[in-house]
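Everything on this sheet refers to the single structure shown next.
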Amino acid sequence: MQQGTYEIELNDIIKRFDLEKLFVSNKIDEIKVQNPDINRPGLQIAGFFDYFDTDRIQILGRVEHTYLQKLSAEDRFERISNLFSTMVPAIIITRSQEIFPEMLELAQKHDVTLLRTSYSTSPFMSALIAYLNNVLAPRITRHGVLVEVYGEGILILGESGVGKSETAVELVKRGHRLVADDAVEIKKVSAISLVGSAPEIIRHFIEIRGIGIIDVKKIFGIGAVKDTEKIDLIIQLEAWEDGKQYDRLGLVDEHMNILDIEVPSLLVPVKPGRNLAIIMEIAAMNNRQKRMGYNAAEELNKRLMSEMEKSEFGGASI
């Protein structure tokens, strides 16, 4: 089930990036960040506040600092005051630049947290955006199994008892890695990427009916598990139905929509005698080939069409 808005405490960001505290708001424990976007307030310092989001963390780099430095003390005080009065979550100064006396005075007056880092502006912004995109990402939890097979993240779905966990164990025995069993937490970390993980409490555990709970990391070793993995392919397992028509060529690409992202999807029927682990391995390699531009089904179809055209042409010329 998809949840609503996510947030992170400003204190957690300060600890994560080891930020220097120049001034801390009296309400620091209540400040939550919900917007993964950040802002360099060059336009706002120049006086343009149209479309300004007050819920974004503000970054003051060398450009903004140099601009403020060239202003008179009176103008600088006014520009900084206009920015601080918007009550943004925090203002972070990069490159360990010296702060203006007016800045500290106004931070105290408006109770706005003022922080500093030694990192250059662009690398720090990239790291902060990536971090916020991850912790604030939209997410859902799906009943299934997530494994990494040949570098491909495969989300295995299906009814209880169809063989998802047993397939995962067989894949682990064959050298692949388990990410999550039973419950898979899926995050939308970008406009085109989904990442799955297991809830902390059941991480690296797997349930095998008739045996019970096993610890995959303890039995198979640390190399048999992984904490997170992107989701490249979804395989839905279902009990084989006699008389039902299953796709035998793979000419039509199927997709499943998760968090508004279309993920390649396959439907695999299950019956005694089918080696699901081998099927998963082949599906992983085939999915990678498709991403690289080669589709075996399309190649075979082209050959067949070419032979048919040759036959027709040859028959017409006799």
Of the listed residues (LEU157, LEU104), the one being out of contact with any Asp or Glu (no Cβ under 8 Å at 6 or more places or on another chain) and assigned to a helix (DSSP H, G or I) is LEU104
Out of (1) on the phi < 0 side of the Ramachandran plot; (2) surrounded by fewer than 13 Cβ atoms within 10 Å (Cβ to Cβ); (3) outside any strand (DSSP E or B), what's the single condition that is false for LYS21?
(3)
Breaking point among (1) over 21 Å from THR94 (Cα atoms); (2) buried (at least 16 other Cβ atoms within 10 Å of the Cβ), for LYS27:
(2)
Just the residues that are surrounded by fewer than 13 Cβ atoms within 10 Å (Cβ to Cβ), in contact (Cβ under 8 Å) with a residue 12 or more places away in the chain and either in contact with a Leu (Cβ under 8 Å, 6 or more places away or on another chain) or farther than 16 Å from LEU104 by Cβ (or both), please, taken from the stretch 63-84.
VAL63
Any chance VAL149 is touching a residue at least 24 places away in the same chain (Cβ under 8 Å), farther than 28 Å from ILE222 by Cβ and of a type in the set (Val, Ile, Thr)
no
Exactly one of GLN97, GLN58 is in a loop (DSSP other than H, G, I, E, B) and on the phi < 0 side of the Ramachandran plot, and that residue is GLN97
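Read the figures in this text as sums done on the coordinates, not as results from a lab. In this text the structure is predicted, and so the values were computed from the model without any measurement. Positions of Cβ are backbone-derived with ideal geometry, glycine not excepted, and every protein chain shown enters the neighbour counts.
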